[in-house]
1. Test of understanding: among 14, 5, which residue is in a loop (DSSP other than H, G, I, E, B) and touching a residue at least 24 places away in the same chain (Cβ under 8 Å)?
2. One residue is enough: does segment 139-148 have a residue meeting the conditions more than 19 Å from residue 87 (Cα to Cα) and either out of contact with any strand residue (DSSP E or B) (no Cβ under 8 Å at 6 or more places or on another chain) or among the polar types (S, T, N, Q) (or both)?
3. Here are 64, 159, 154, 108: which of them is surrounded by fewer than 18 Cβ atoms within 10 Å (Cβ to Cβ), part of a helix (DSSP H, G or I), modelled with pLDDT of 95 or more and of a type in the set (A, V, I, L, M, F, W, C)?
4. Only one of 103, 98, 128 is on the phi > 0 side of the Ramachandran plot, out of contact with any Cys (no Cβ under 8 Å at 6 or more places or on another chain) and not assigned by TED's automatic domain parsing to the domain that holds residue 24; which?
5. So residue 29 ticks every box in (1) aliphatic (A, V, I, L, M); (2) within 28 Å of residue 224 (Cα to Cα); (3) touching a residue at least 40 places away in the same chain (Cβ under 8 Å); (4) not in a loop (DSSP other than H, G, I, E, B) but one. Which box is left unticked?
6. Of these, 209, 182, which one is more than 20 Å from the chain's Cα centre (by Cα) and either buried (at least 20 other Cβ atoms within 10 Å of the Cβ) or within 17 Å of residue 93 (Cβ to Cβ) (or both)?
7. Which condition breaks for residue 229 when tested against (1) touching a residue at least 60 places away in the same chain (Cβ under 8 Å); (2) touching a helix residue (DSSP H, G or I) at 6+ places or on another chain (Cβ under 7 Å); (3) more than 16 Å from residue 121 (Cβ to Cβ)?
8. Tell me yes or no: at least one residue of segment 5-12 is under 22 Å from the mean Cα position of the chain (by Cα), modelled with pLDDT of 95 or more and among the aromatic types (Phe, Trp, Tyr).
Amino acid sequence: MIISKQNKQFKLWKKLMTKKYRDLHDMFLVYGKHLVDKARDKGALIEVVTSNLEIEGTLVSTELMDELQQTETYIDLIGVCKKTNDKLESNNILVLDDVQDPDNVGALIRSAAAFGFKHIIMSHKTADLYNEKVIRASKGAIFDCYIERSQLLLRLTELKDQGYQIVGADAHETGEPQKNKKLALVLGNEGHGLSDSIKDICDEFVTIKTNEVESLNVSVAGGILMHEWRFMI
């Protein structure tokens, strides 16, 4: 059992709670049985850390496990994972333009996996994919999608050249996206929506008509649009 905070393994796990060291080591943490099992199934699991004597893995004291908690609910099972991101081709791509709330990003990834948008492109200012809140909100869907971080204007230009129509979600703009054509659906920031440069490159816009409220949360809107797109193609 590991009981010392000076233990090298423990010090690494502690560092993986920050983006700087996740990027440096290409590793991250997942919490709870569902996510650990998902990581194992996808070949991403390196090590299991636990304070539970009945669970197979590297045993640590409850005091050290307390130090590794990132939620209010105590979890006695943590997976140390390597970043894996198998490339895949998809006719439907979800693009996130500076979506900054980790819960929104995680929920969108979960919806994208459910509705066939398994290729996701994130701007550099979009929340960190390996943030614990993103992983938790995705319910493990980060392991089911190909997710890249890119300079969006350049990447969307490339997609246009590959025959994708670039469709922006906007509460004040509307259009008619072409059916039976490859799609890159772009969702904007929670506060100011799509950036001007991204709007300029969009071929069409879509909006969701609502009663009483001006707009929807980006994760709700994205889920609706991805679901509806399945019935347009």
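1. After ruling out the rest, the residue left standing is 5.
2. Pass one, segment 139-148, residues more than 19 Å from residue 87 (Cα to Cα): 139.
Cutting the leftovers down to either out of contact with any strand residue (DSSP E or B) (no Cβ under 8 Å at 6 or more places or on another chain) or among the polar types (S, T, N, Q) (or both) gives us 139.
Yes, because at least one residue in segment 139-148 is more than 19 Å from residue 87 (Cα to Cα) and either out of contact with any strand residue (DSSP E or B) (no Cβ under 8 Å at 6 or more places or on another chain) or among the polar types (S, T, N, Q) (or both).
3. Values: 64 fails: surrounded by fewer than 18 Cβ atoms within 10 Å (Cβ to Cβ); 159 fails: surrounded by fewer than 18 Cβ atoms within 10 Å (Cβ to Cβ); 108 fails: surrounded by fewer than 18 Cβ atoms within 10 Å (Cβ to Cβ).
From the options 64, 159, 154, 108, the qualifying one is 154.
4. Values: 103 fails: on the phi > 0 side of the Ramachandran plot; 128 fails: on the phi > 0 side of the Ramachandran plot.
Exactly one residue qualifies, and that residue is 98.
5. Condition (2) is where residue 29 drops out.
6. Every option except 182 fails the conditions.
7. (2)
8. No, there is no match, as no residue in segment 5-12 is under 22 Å from the mean Cα position of the chain (by Cα), modelled with pLDDT of 95 or more and among the aromatic types (Phe, Trp, Tyr).
The values are calculated or read from the model by the stated rules, or taken from the named source; none is laboratory data. Computed from a predicted structure; not experimentally measured. Note that we place each Cβ from the backbone using ideal geometry, even for glycine, and neighbour counts take in every protein chain shown.
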